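Q: Could you have a look at this structure, given as structure tokens, before my questions?
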Amino acid sequence: MIVLSDEIKIIQTLLQPDEKYYIVGGMIRDTLLSRQSQDIDIVCSGDSYKIAKKLADKLSGSFFVLDAERNACRVIANNGQGKKVIVDFTRLRGDSIDDDLKERDFTINAMAVDLANSDSIIDPLSGGNDLMEKKLQPCSDSCFLDDPLRVIRAIRYSVKYDLHIETKTQELIRQAVKGLPNVSVERKRDELFKLLDNKKPWVSLQLLSHFGILQYIGLEAVSQINEAVSRLRILDHQLAYLEGANPSSGDEYFQFASFISGFKNSRPGLRDHITQVNQSDRSKKGLDKLAAILWDLDEGQWRPMIKEMALSVEEQNHLEVVLHYRDMIVKMVESQTDLDSRTVYRFFKKTGKSGIDLVLLSLAEKVNCLSSELDETGWLALLQVCQSLVETWFEKPEVISPEPFLTGRDLMFEFDIPQGPCIGTLLDGLVEEQAAGEIKTRKEALIWVERQIQRNFITQ
């Protein structure tokens, strides 16, 4: 018996007596695994739009059409406890629920519960048994050929639920991989990010390589797969610790323990930073994990790759920053550059908020490069620089983005400087001097500008 959520109980009150309604897919699977699921999928024999609109009104939520051809629509609402609830409605495929379930991807997703009689699970393909026996099996031999994207989804499910991909299923996957070029870039991108946000993304990356899928999802240039797998694993651990997990006894010698203690004060800010989700519903963590995979590539390789993934301009800019400046922090450490306020200001002027992600990626790469002989001195030196950068970003806005004492209009009025590039150059210089603590008042700012003029900084 499935324990019904409040949202499903509301749906039950809206049922039409002459129509059939079923909960299908992931919610049944997750319930059997004693996992919570906020996403609800409903199939119905009648007009899915009608019941969805009624539900949206009841929950004060929003109604969206997903696929007019299949009568697919979505309701998004708040469950009253601060959590988003998503309910998807589609029309029943075939003449019965059994017909509908047999057209789905994997047996573990081919289970249903009749909303009019929720005491038992409809399971024509024995998906419940497969789930308990830890097996991932397609609903049919044509599953992957019908939709080649399912080969990536199979990897994600196998890792997420610790399922074994049977030999026959592995062969079906290999046969279907060549169909991936026919799948839209957007669908492949979205499935890749789901995989990266899943547990153990490095295992998924290994499987993508094993089945020859990388070349079909925009990652064909990733040749140093072992390095990428190791770096991704380390980064994923670090991100998990920032979100609250504790390092286990076997974690990379002393590095993760020192990583956590070094960022103790900045941990809340870092946690908020990495858990951001953009307007495209893709996570900052996912972007950073993608950067970890692309880390070894030269600019001529990674730049066209990220452009071909149909990412937003914001996402592309973020990846371009962290990959272009990937050696910046390490070089600061190696050159023993004095990490004063001016240096920190210049760092974030170039990298912006992506500099925080660059810190995390640089630390992951350092751990990845450590040999069996621990370079404790090098690690701690890098950690100290990274700690200073992060603390300044979160705690010293006067260094990162000081409020200028003078404006361009001030410069033109006080010094009779014509409008032009010199104004911008002077303002940039002023802000940097403020960040460095060399200018603390408007009067000092005016004196500094006067000196620049006297030094023929400006041609009047």
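The values are calculated or read from the model by the stated rules, or taken from the named source; none is laboratory data. These numbers come from a predicted model, not from an experiment. FYI the Cβ positions are ideal-geometry reconstructions off the backbone, even for glycines, and counts take in every protein chain you see.
Q: Filtering the stretch 132-156 down to residues that are in a helix (DSSP H, G or I) and out of contact with any helix residue (DSSP H, G or I) (no Cβ under 7 Å at 6 or more places or on another chain), which residue is nearest to residue 33 (Cα to Cα)?
A: Per the criteria, the residue is 132.
Q: While we're looking at this one, here's another question. I'm trying to understand the selection: among the residues of the stretch 206-227, which are at pLDDT 95 or above and within 21 Å of residue 364 (Cα to Cα)?
A: Passing the criteria: only 206.
Q: For the stretch 419-441, which residues satisfy the criterion of being surrounded by fewer than 12 Cβ atoms within 10 Å (Cβ to Cβ) and touching a residue at least 24 places away in the same chain (Cβ under 8 Å)?
A: The one that is surrounded by fewer than 12 Cβ atoms within 10 Å (Cβ to Cβ) and touching a residue at least 24 places away in the same chain (Cβ under 8 Å): 441.
Q: Turning to a different aspect of this structure: Give me the pairs, please: first residue somewhere in the stretch 318-337 and without any contact (Cβ under 8 Å) to a residue 24 or more places away in the chain, second residue anywhere and in a helix (DSSP H, G or I), beta-carbon distance under 7 Å, and either six or more positions apart or on two chains.
A: Short answer, once both residue conditions are applied: 337/343.
Q: Determine which member of the set 213, 225, 152, 173 is surrounded by 15 or more Cβ atoms within 10 Å (Cβ to Cβ), touching a Ser or Thr at 6+ places or on another chain (Cβ under 9 Å) and not assigned by TED's automatic domain parsing to the domain that holds residue 271. Reasoning before the result, please.
A: Working: 213 fails: touching a Ser or Thr at 6+ places or on another chain (Cβ under 9 Å); 225 fails: not assigned by TED's automatic domain parsing to the domain that holds residue 271; 173 fails: touching a Ser or Thr at 6+ places or on another chain (Cβ under 9 Å).
Within the list 213, 225, 152, 173, the selection yields 152.
Q: While we're here: Somewhere in the stretch 45-63, is a residue of a type in the set (Lys, Arg), in contact with a Phe, Trp or Tyr (Cβ under 9 Å, 6 or more places away or on another chain) and over 29 Å from residue 127 (Cα atoms)? So that I can check it myself, show each step before the final result.
A: If we filter the stretch 45-63 for residues that are of a type in the set (Lys, Arg), which is where we start, we get 50, 53-54, 58.
Remaining after also requiring in contact with a Phe, Trp or Tyr (Cβ under 9 Å, 6 or more places away or on another chain): 53.
Keeping just the survivors that are over 29 Å from residue 127 (Cα atoms) gives 53.
Yes; the residues of the stretch 45-63 include at least one that is of a type in the set (Lys, Arg), in contact with a Phe, Trp or Tyr (Cβ under 9 Å, 6 or more places away or on another chain) and over 29 Å from residue 127 (Cα atoms).
Q: Something else about it: Using the structure shown, decide if residue 281 is under 20 Å from residue 368 (Cα atoms) and within 21 Å of the chain's Cα centre (by Cα).
A: Numbers: under 20 Å from residue 368 (Cα atoms): no; within 21 Å of the chain's Cα centre (by Cα): yes.
Taking the combined requirement at face value, the residue does not satisfy it.
Q: For the stretch 159-168, what are the residues that are part of a helix (DSSP H, G or I) and over 17 Å from residue 140 (Cα atoms)?
A: Taking the stretch 159-168 and keeping what is part of a helix (DSSP H, G or I), we get 159-160, 167-168.
Once the filter is applied, which keeps residues that are part of a helix (DSSP H, G or I) and over 17 Å from residue 140 (Cα atoms), the stretch 159-168 yields 159, 160.
Q: Assess whether residue 75 counts as being at pLDDT 90 or above, among the aliphatic types (A, V, I, L, M), closer than 22 Å to residue 12 by Cα and surrounded by fewer than 20 Cβ atoms within 10 Å (Cβ to Cβ). Steps first, please.
A: On the way: at pLDDT 90 or above: yes; among the aliphatic types (A, V, I, L, M): yes; closer than 22 Å to residue 12 by Cα: yes; surrounded by fewer than 20 Cβ atoms within 10 Å (Cβ to Cβ): no.
For residue 75, the condition - at pLDDT 90 or above, among the aliphatic types (A, V, I, L, M), closer than 22 Å to residue 12 by Cα and surrounded by fewer than 20 Cβ atoms within 10 Å (Cβ to Cβ) - is not met.
Q: Which of the following residues is farther than 21 Å from residue 350 by Cα, of a type outside the set (Gly, Ala, Ser) and in contact (Cβ under 8 Å) with a residue 40 or more places away in the chain: 449, 390?
A: Working: 390 fails: farther than 21 Å from residue 350 by Cα.
Step by step, each of 449, 390 is checked, and only 449 is farther than 21 Å from residue 350 by Cα, of a type outside the set (Gly, Ala, Ser) and in contact (Cβ under 8 Å) with a residue 40 or more places away in the chain.
Q: Is at least one residue of the stretch 178-188 among the charged types (D, E, K, R), assigned to a helix (DSSP H, G or I), surrounded by 20 or more Cβ atoms within 10 Å (Cβ to Cβ) and in the same structural domain as residue 375 (by TED's automatic domain parsing)?
A: Restricting attention to the stretch 178-188, the residues satisfying the condition of being among the charged types (D, E, K, R) are 178, 186-188.
Now restrict to residues that are assigned to a helix (DSSP H, G or I): 178, 186-188.
Now restrict to residues that are surrounded by 20 or more Cβ atoms within 10 Å (Cβ to Cβ): 188.
So of that shortlist, the ones also in the same structural domain as residue 375 (by TED's automatic domain parsing) come out as none.
No, the stretch 178-188 has no match at all.
Q: Restricted to the stretch 189-215, and to residues that are part of a helix (DSSP H, G or I) and of a type in the set (Lys, Arg), which residue is nearest to residue 285 (Cα to Cα)? Let's see the steps before the verdict.
A: Step one: list which residues in the stretch 189-215 are part of a helix (DSSP H, G or I), which gives 189-197, 201-210, 214-215.
Those left that are additionally of a type in the set (Lys, Arg): 189, 194.
Working: 189: 15, 194: 11 Å.
Only one residue tops the list, namely 194.
Q: Now for a different question. Which pairs turn up if I take residues in the stretch 199-215 that are touching a residue at least 60 places away in the same chain (Cβ under 8 Å) and look for partners that are buried (at least 22 other Cβ atoms within 10 Å of the Cβ) and small (Gly, Ala, Ser) with beta carbon separation below 8 Å, at least 6 apart in sequence or on another chain?
A: Pairs found: 205/228.
Q: Of all residues in the stretch 266-291, count the ones that are under 19 Å from residue 308 (Cβ atoms) and assigned to a helix (DSSP H, G or I).
A: Residues in the stretch 266-291 being under 19 Å from residue 308 (Cβ atoms) and assigned to a helix (DSSP H, G or I): 5 in total.
Q: Same structure, new question: If the Cβ limit is 6 Å and pairs must be 6+ apart or interchain, which residue in the stretch 284-311 that is free of Cβ contacts under 8 Å to residues at least 24 places away in the same chain pairs with which residue that is of a type in the set (Val, Ile, Thr)?
A: Short answer, once both residue conditions are applied: none.
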